[in-house]
Every structure is written in C-alpha cells, then in structure tokens.
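Structure record follows, encoded as structure tokens.
The values are calculated or read from the model by the stated rules, or taken from the named source; none is laboratory data. Keep in mind that what you see is a predicted model, and the values were worked out from it rather than measured. Reconstructed Cβ throughout: ideal geometry from the backbone, glycine too, with neighbour counts over all protein chains shown. SASA here: full protein model, heavy atoms, side chains in, ligands and nucleic acids out. Shrake-Rupley method; radii C 1.70, N 1.55, O 1.52, S 1.80 Å.
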Amino acid sequence: MGRTFRYGRWVLLFVIVLILSLFTSIASLLVHTQLRNQLIAGETRKMEVEAALIGGILTDTMLRNDYVEGQHLLDDWVSDRQDVVVLDVTLDNGRTFFSFRRADNAETPLTLKQTFQYRNRVLSLTLCHDATELHDALAALRRSLFLLGLSLIGVTTLTLWYVLFRWMVRPMEEEITARTRDLNAARDSLEEKVAERTAALKKEVEIRRQTEAELRKLGMAVEQNPVTIFITDLAGRIEYVNPRFELMTGYARTEALGQTPRLLKSPETPQIVHETMWATVLAGRDWRGELKVRRKDGQEFWAHVSISPIKDPDGTITHFVAMHEDITERKQAEASMEESRHAAELANKAKTELLANMSHELRTPLNAIIGFSQTMRDGLFGPLGNDKYGEYVDHIHASGSHLLDLINDILDVAAVESGRLTLNEEEVDLADVQQSAIEFLASQAREAGVTLANAIGSDLPRLLADHRRLRQILLNVLSNAIKFTPQGGRIDSAARRDDDGGLVITVRDTGIGMDEQGLITAMTKFGQVDSSLARKHEGTGLGLPLTKGLVELHDGRLHLTSAPNEGTTVTIRLPPWRVLDPETVDADI
C-alpha cells in the first residue's frame, strides 16, 4: 500500500505540474499577446503622429503650391528617420507626389494609411515603419515570459513538493503507515480471533455432535437394555419405562406411566425394607438390594434392584432411576448349590467319621501285630528256629508300622478337617526340632544317597507352637524331599525373620520337581503326581495336605514353588505373634 501511495503522489505531482505548465503557458500567451498589442498600438500611435505631422506639412505646402519644398521636406524627414521604410504620398488624381523605399529592409513593416483634404482635394499617405525592433522586443518578451514561466513552474513545483511531500504528505505517509500498521495488526488480531472463534465453534459443534451421539447411544442403551429401567419423579410417580419393563412386568407403558412402584410390590417384602430404601434415596444415596417383584398376572420373581437419585448441576434431586435385573435363575441356582453344599458337607462328615472309626478299629489289631512281631524279632521267648521266619517277621513289623503311620495320618487329616485337633502350644526351639527331624531321617537319606544340609541356627528366637506338630511338619516336608530327590541330590533347610516380624522356614531340594498341574495334585488329599501302578515313589498322598493343615492350625501359610527337573521349594510362614522375642520371654519369666 505504501508503494502504491508513493507512486500515486508522484503521479499527482506530475499532474499538478502539467496543469500549472498549461496555465502558465496560457498566462504567458495572454501576456505576450497583450504586450504585443500594446507595442503595436504604441508604434501605430507614433506613426499616426508622424502621419499627422507629414499631413500638416504637405497641406501647408500644397496650399502655398510649393510642391518642391514639400518633397524636399519629406525627403529630409525620411533621411533622418531610420525606422521609416516606406513613405508614399499620392494625390487624388493618382499622381505620386512622393515615394520612398528602404532597400535593406527584409522584415514585414508596419503600415499606416491616412488621407488628408485641402481645397477640396484629397491627399493619400502610406507610411511603413521597420518592425525589426518590435519583433526583437517581442522575441525578448517571449524569452522573458518563458524563463519567467519556467522559473515560476520550478519554484511552484519545489514549493508543492515541499508542501505536499515534506510538510503534508510525509506526516500523512507516516500516519497512513501507522494506521496501516494498526489496521494490519487489527486485521491479524481479527483473523486470529476469527480463527479461534472458528476453532471454538468447530469444537463446540464437534462436542455437540459427540454429545448428541452419546445421548443417542445412551437412549438406545436404555431402550435396548436387558435390565428393567424406569424413572420416577420425587413423589414416586413413574415418568418413563423401557421396553424391558413391559416384557418383565406385563404392564404396558400407558398402564405404568403415572403409577408408583407400589404396583410391583410383593406382599412378602417387609415394610421396613421399603422404608429404608426410600430414606436412603431421599438422602441422596444409592440403594441396592434383592427384592421379590410381582408381575401384572400375580406371579413373582426375584430381582436385583438398584435405585439412584438423579441430581441437577446444583446437586438438587430431581428424579429417581430404578433398575431391576431378573435374578430368579441365579436364586434357584444358589438354592440348588446350597443344597448340594450341605449334602457334600454331610457326605464329607460321614466319610471323615467313617475313616476315623475304621482307623480306630484297624489300630487295635495293628498294635498287636506290631507288638508280637517285635517280640518275635527280639526273641524274647527264644529263637524262631529258622532264618526265613526272622526275615518274615521283619517284613511283618515294617508293613505294620507303615500301615500304622498311614492310619495315624488319616486320623490327623480327619481331625484337622473336623476341627477336633487342638494344639498343645508351648515355647519351642526351632533349631532343636529341625535337628531332631534330620537325625531321625538321617538313615533314610543315607540309603537314598541324598545330602541333608541344615542352616537353621540357634540364634533364631523361640516359637509359640505345638512341639509334636511342628516336628511332624518338618518330618513330612523333609521325608517328601528325600523321597523325590535322586541319588547325589541335596536338601537345604533354612530359616529367617520375615519383614513383618514373622518367621520363614524354607526347604529346598534338587529333586524331580513338578509342573503347575502337579503342584495342584500334590496339595490334594490322596493326590499322586504319578498315579500309575508302576510309579517309582511310594506314598499315600496325605503328607502335604496334612502338613498344610497343621501349618494353618498355627495360623501360618504353606507355599510350594517347583519346576520339572529343577527341584521343589517349600516355604512355611508363621505369623509374628508366634515368634517370641528374647525381651518378651525374659519379661514373662
């Protein structure tokens, strides 16, 4: 815009100079014409005076009839006047009285013709002056006017240039530049605001579109929801029901609108339930529960009911929304499961009692068999007489002892499951119990070619536990590790204080290990990881379940980690209150 303005101002100056030149030329022409006319008029008056003088002289000589004198006078007068180039005096009869021509004159002379009368005669006079001086004067005048006009135009142009460009236009340019800058800034700001507003409008449109889509989706979700949904006002009058409401209750939409939820109330529901429900939702809280709902035909079904208040932005409750989910099938399944669970508990109790009774019945003859075989093996009443009898007696004694151990495990498992096993809690030294268990199993480990390593030191605090059951736990874990660890393997025992102050006992072996399914099977009563008749490792599958039960009786936890061909780690965690700190023990003493 500034470049256009600068170009325009030069055009304006050129137009002004052109117009000024035109007016100056016109004024110079008028001045030149006027001065030329004045010069010509002055020269003409001069010639008129001279013509009048000549006429007076000629008239006087003619009246005296002295023509020669008149001619001499004219001749002398012409000689003295260098500006006269032509002088002709002609009588009325056509006779030339006097004639003069200056031969060296090339310019067009000024001519004056006059007539004079004397004695009824007419004298014609033609007088021509030399126009050279007039022409020179006019040329000088033209030059002066040209220089004057040129000077005037130059001065005027410079003045205009200064006035327009330095005095008026420059501030105007600066103001225009400033205003242009302001306009550009305002335009940019307006464009930014328009862009921001456009973006805001687009965002609002997008938000509105998303909101409408969400509302449509919400509406479809409510309409197509498999759960009964209805909305009431603060007085409980139903204002909206979804299609599922009509399907579940049997009431048409027109029948339900304007009614209260009492039309769905079952007589079996206590009144206090409904009072509590309304008190809860009127307080602005959600209410959830299970109610019996009565259909239009009088049939009833179980429903999981959820009622929530609908609040405006100020937090004022305006409506309530209720959702009823038919849980009749679930209720029936729960009842069936409860019956099955009760039957299973009765069956398990009968099984446990049967095992306990049978175990007691079996223990008496087993004790006799073990006692008599021991007596025979020791030869208290003399030798048997044959070495084969001694070998048979050893087998009878070993088998009876094994069967007795099995029966004792069954009795312990039954006692744990029935809750009849009680702990004889006392102050126990874990290191002594572990050493006792290792010494008891030392011969078995030597026969299996397995190394038993004990890292449980005497610096550990004492425990509040059942000494016999704690030893049984360690024996079961160690004997299990020996059983499933191949020759040349190793079993490590360790104990430490836990972060929470409890005690952690770990037994890690390098045995055959188990996968995840094997771990689950191993913790099941009578579970055998290898259940085939040709399995390599003996056992009843009661050792780990019984150990887990005994640990839990001590409020502890038993955890197994294992992997095939990588061994198994048994971790036993006892709670902090089972750990007796030395300060506590001393204080009790």
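Computed values, structure above
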quantity	calculated
Test: residue in segment 441-448 that is at pLDDT 85 or above, open to solvent by 70 Å² or more (accessible area, probe 1.4 Å) and more than 24 Å from Pro545 (Cβ to Cβ)	yes
Any hit, segment 111-126, residues being free of Cβ contacts under 8 Å to residues at least 60 places away in the same chain, in a loop (DSSP other than H, G, I, E, B) and not charged (D, E, K, R)	yes
Output for segment 291-321, where each listed residue is out of contact with any Ser or Thr (no Cβ under 7 Å at 6 or more places or on another chain) and either open to solvent by less than 100 Å² (accessible area, probe 1.4 Å) or not assigned by TED's automatic domain parsing to the domain that holds Phe245 (or both)	Gly298, Ala303, His304, Val305, Ser306, Ile307, Ser308, Pro309, Gly315, Thr316, Ile317, Thr318
Number of the condition not met by Thr540 [criteria: (1) of a type in the set (S, T, N, Q); (2) under 19 Å from Ile407 (Cα atoms); (3) at pLDDT 85 or above]	(3)
Hey, Glu246 at pLDDT 85 or above, within 30 Å of Gln299 (Cα to Cα) and in contact with a Lys or Arg (Cβ under 8 Å, 6 or more places away or on another chain) or not	yes
Tabulated pairs, segment 300-328, first part of a loop (DSSP other than H, G, I, E, B), second open to solvent by 30 Å² or more (accessible area, probe 1.4 Å), C-beta under 6 angstrom, 6+ apart or interchain	Asp312/Thr318; Ile327/Trp302; Ile327/His304
Output for segment 555-581, where each listed residue is assigned to a loop (DSSP other than H, G, I, E, B) and under 26 Å from Gly489 (Cβ atoms)	Pro564, Asn565, Glu566
Residue list for segment 417-430, filter: touching a residue at least 40 places away in the same chain (Cβ under 8 Å) and either surrounded by fewer than 17 Cβ atoms within 10 Å (Cβ to Cβ) or in a helix (DSSP H, G or I) (or both)	Glu417, Ser418, Leu423, Asn424, Glu425, Glu426, Glu427, Leu430
Test set (1) in a helix (DSSP H, G or I); (2) of a type outside the set (S, T, N, Q); (3) modelled with pLDDT of 70 or more - Leu380 fails condition number	(1)
Selection status of Thr24, modelled with pLDDT of 80 or more, closer than 30 Å to Leu150 by Cα and assigned to a helix (DSSP H, G or I)	no
Where Ile229 falls short, out of the listed (1) modelled with pLDDT of 85 or more; (2) part of a helix (DSSP H, G or I); (3) not basic (Lys, Arg)	(2)
Residue count for segment 493-505, restricted to those that are out of contact with any Asp or Glu (no Cβ under 8 Å at 6 or more places or on another chain) and under 12 Å from Val570 (Cα atoms)	4
Close pairs from segment 435-462: first within 20 Å of Arg497 (Cβ to Cβ) and part of a loop (DSSP other than H, G, I, E, B), partner open to solvent by less than 30 Å² (accessible area, probe 1.4 Å) and of a type in the set (S, T, N, Q), Cβ under 6 Å, at least 6 apart	Ile456/Gln434; Ile456/Ser493
Residue that is touching a Ser or Thr at 6+ places or on another chain (Cβ under 8 Å) and either more than 25 Å from Leu147 (Cβ to Cβ) or charged (D, E, K, R) (or both), where the choices are Glu69, Glu48, Glu43	Glu69
Filter result (of a type outside the set (Lys, Arg), open to solvent by 30 Å² or more (accessible area, probe 1.4 Å), free of Cβ contacts under 8 Å to residues at least 60 places away in the same chain and part of a loop (DSSP other than H, G, I, E, B)) within segment 232-255	Ala235, Gly250, Tyr251, Ala252
Condition check for Arg469: open to solvent by 70 Å² or more (accessible area, probe 1.4 Å), of a type in the set (D, E, K, R), in contact (Cβ under 8 Å) with a residue 12 or more places away in the chain and in contact with a helix residue (DSSP H, G or I) (Cβ under 9 Å, 6 or more places away or on another chain)	no
Single match in Arg508, Arg490 (criterion: modelled with pLDDT of 85 or more and under 15 Å from Ala442 (Cα atoms))	Arg490
Residue check for Pro261: assigned by TED's automatic domain parsing to the domain that holds Ala322 and in contact (Cβ under 8 Å) with a residue 60 or more places away in the chain	yes
When residues of segment 365-394 are limited to those that are in contact (Cβ under 8 Å) with a residue 24 or more places away in the chain and surrounded by 14 or more Cβ atoms within 10 Å (Cβ to Cβ), the one farthest from Ile407 (Cα to Cα)	Ser373
